[in-house]
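Each value in this text was obtained by applying a stated rule to the coordinates, not by laboratory testing. From a predicted model like this one, the values you see are computed outputs, not experimental measurements. Don't worry about glycine lacking a Cβ; one is built from the backbone with ideal geometry, like all the others, and counts go over all protein chains shown.
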Amino acid sequence: MTFQDLNLNTPLYNALDDLGFTVPTPIQEQAFNVVSSGRDVVGIAQTGTGKTFAYMLPILKNLKFSKQENPRVLILVPTRELVVQVVEEIEKLSKYINNRVLGVYGGTNINTQKQAIAEGLDILVATPGRLYDLALSRVLQLKSIQKLVIDEVDVMLDLGFRHQLINIFDLLPERRQNIMFSATMTHDVDILINEFFRNPIRVSVAVSGTPLDNISQNRYSVPNFNTKVNLLTHLLNNYETFNKVLIFVAYKRMADRLFENLNTIFRDEVCVIHSNKTQNYRLRSIEAFNEGEHRILIATDVMARGLDIDNVSHVINFDTPEYPENYMHRIGRTGRAKRKGRSLVFSTEKEQEAIEAIERLMDMKIPLLELPDVVEISTELIEEERPETKEHYNPLKRRQDEDAPGPAFHEKKEKNKKVNQGGSYRREIAKKYKKPKTRGDKNANRRKNRK
Ligand code: AMP
């Protein structure tokens, strides 16, 4: 297939010619008609697959010239770097199209951005926080948005932007096309799709279900978190074999919990990356791991996506990924450049279904290893593992959904719950005398006059 088969228009063909692109990438090929159809779309594709053009080609093909000032296409991305990158990509494609593209993000002067918006635009690329501020300031009108693209939604949710996204949805017209791209499927992404998308069509660059031959895989059946820690400790004590170990967990809380456990035993050998850590901290951790300063790196799926690390001796799936594709991504971090790699997955009884889904995808069984005798079986359960019936006896325990992966959310403390109603003096007087006593209450006077 070539771009000629997509029935684009001359300005787009000319731009693609200038770029030297002739063949659409698989995600571009798959997404084109679906995005053109106007239906909601969920695309699963990683950076580097050409996903930006996958949504921009159909959008630009169908975007008519207009002098209207309010934007018609909104593209939300998690970071300012991505704003810059996406704007650049759109500008390359729009070389022969008369449209106006603007990128906005936080941490820079909002007034300059307000001025740019006031000049009129067609396509706005933004980070959620800054977009919301601009919309609230009313300089930015979102009522004419026809297409909403959320790119890297997994990273966005991992960074805790869920509430901001929902606030933004509220400002957008009901009738619009939603297009979402994510590199990994996560529980949070799934929830967002189910809540806000109308029968989306899914497109994805199929993750190969065929693991590399040079990666050997095994699994351990382990009853609970604490026993998993015991097993892990036992394995990690073998320094020679387990010399560069990448450990995956599904969410931040678990990453921190595991880090605390391992750090007491393997002090100065462990580092952790997830989205609550600063970018600097993450970069330092990755570097320390890469250079062998730290032997063990704990990472969440979303954060580990872009990792380019060589010579990983073992990938350890401390939990069993809920989405089998994530397992493929995880184990692909070892056995790179044809070297021999090893992968282990720990699964509890609860995770048995997930193991079966992975085995179906790969069309092979992951050989089971016996728990070594020296590994102590713990019966002590962590908070997430305790049966829910216990809730009954402990009304103060946090609700289940607060324990779910994603941004931490806490009930406000009682004293912070009070809403500032203003004019406490007036309210107290009113309470005491049952009717307004101050002269300033115009409505009370009006009511009186009407009688
Ligand atoms: P993305 O996945 O959108 O970050 O794109 C990755 C890179 O691939 C970008 O530098 C694009 O300019 C480039 N690219 C996008 N589409 C194509 C294509 N059909 N052929 C060659 N390169 C492409």
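A few notes on this one:
- Counting other Cβ atoms within 10 Å as a rough exposure proxy, the listed residues Glu349, Glu376 run Glu349, Glu376 from fewest neighbours to most.
- Taking every DSSP helix (H) stretch of at least 4 residues in the chain, weighting each as -39,500 (n - 2.57) and dividing the sum by the residue count yields a mean residue ellipticity at 222 nm of -11500 deg cm²/dmol.
- Temperature 25 °C, viscosity 0.890 mPa s: under these conditions the Stokes-Einstein estimate for the chain, based on its Kirkwood radius over C-alpha pairs, is 97 µm² per second.
- Across the chain, the mean sequence separation of Cα contacts (distance under 8 Å, 6 or more residues apart), normalised by length, yields a relative contact order of 15 percent.
- Mean separation of Cα contacts under 8 Å, 6 or more apart, over the residue count of segment 215-381: relative contact order %: 37 percent
- Per-residue Karplus couplings for segment 310-323, computed as 6.51 cos²θ - 1.76 cosθ + 1.60 with θ equal to phi - 60°, are listed in order as 9, 6, 5, 6, 9, 9, 10, 7, 5, 10, 8, x, 5, 10 Hz, Gly and Pro entered as x.
- Segment 3-204 shape via C-alpha gyration tensor axes, a/c threshold 1.5: oblate
- Overall form of segment 3-86 per C-alpha gyration tensor (a/c, 1.5; a/b vs b/c): rounded
- DSSP beta bridge pairing in the chain, given as percent antiparallel to the nearest 5: 0 percent
- Classification of segment 190-263 by its C-alpha gyration tensor yields an oblate form. The axis ratio a/c (a ≥ b ≥ c) is 1.5 or more, and b/c is at least a/b.
- Compared with the alpha-carbon gap, the fully stretched path from Asp363 to Tyr281 is longer by 25.6 nm at 0.36 nm per residue.
- Taken about its Cα centre, the chain carries a charge dipole of roughly 4180 debye when the Cβ of each Lys and Arg holds +1 and the Cβ of each Asp and Glu holds -1.
- For the pair Arg175 and Asp268, label points projected 7 Å from Cα toward Cβ lie 6.7 nm apart.
- Per residue Cα convex hull volume in Å³ - calculated over segment 215-381: 110 Å³
- Exposure proxy ranking, count of Cβ atoms within 10 Å, fewest first, for Leu157, Leu369, Leu6: Leu369, Leu6, Leu157
- Alpha-carbon Rg/Rh ratio, for segment 60-105, with Rh computed the Kirkwood way: 0.96
- Segment Lys114-Asn98, length gained on full extension (0.36 nm per residue, minus Cα span): 3.6 nm
- Neighbour counts of C-beta atoms inside 10 Å place Tyr13, Tyr239 in the sequence Tyr239, Tyr13, starting with the fewest.
- For segment 215-381, with +1 on Lys and Arg beta carbons and -1 on Asp and Glu, the positive-most of Phe242, Ile296, Ile309 along the dipole: Ile309
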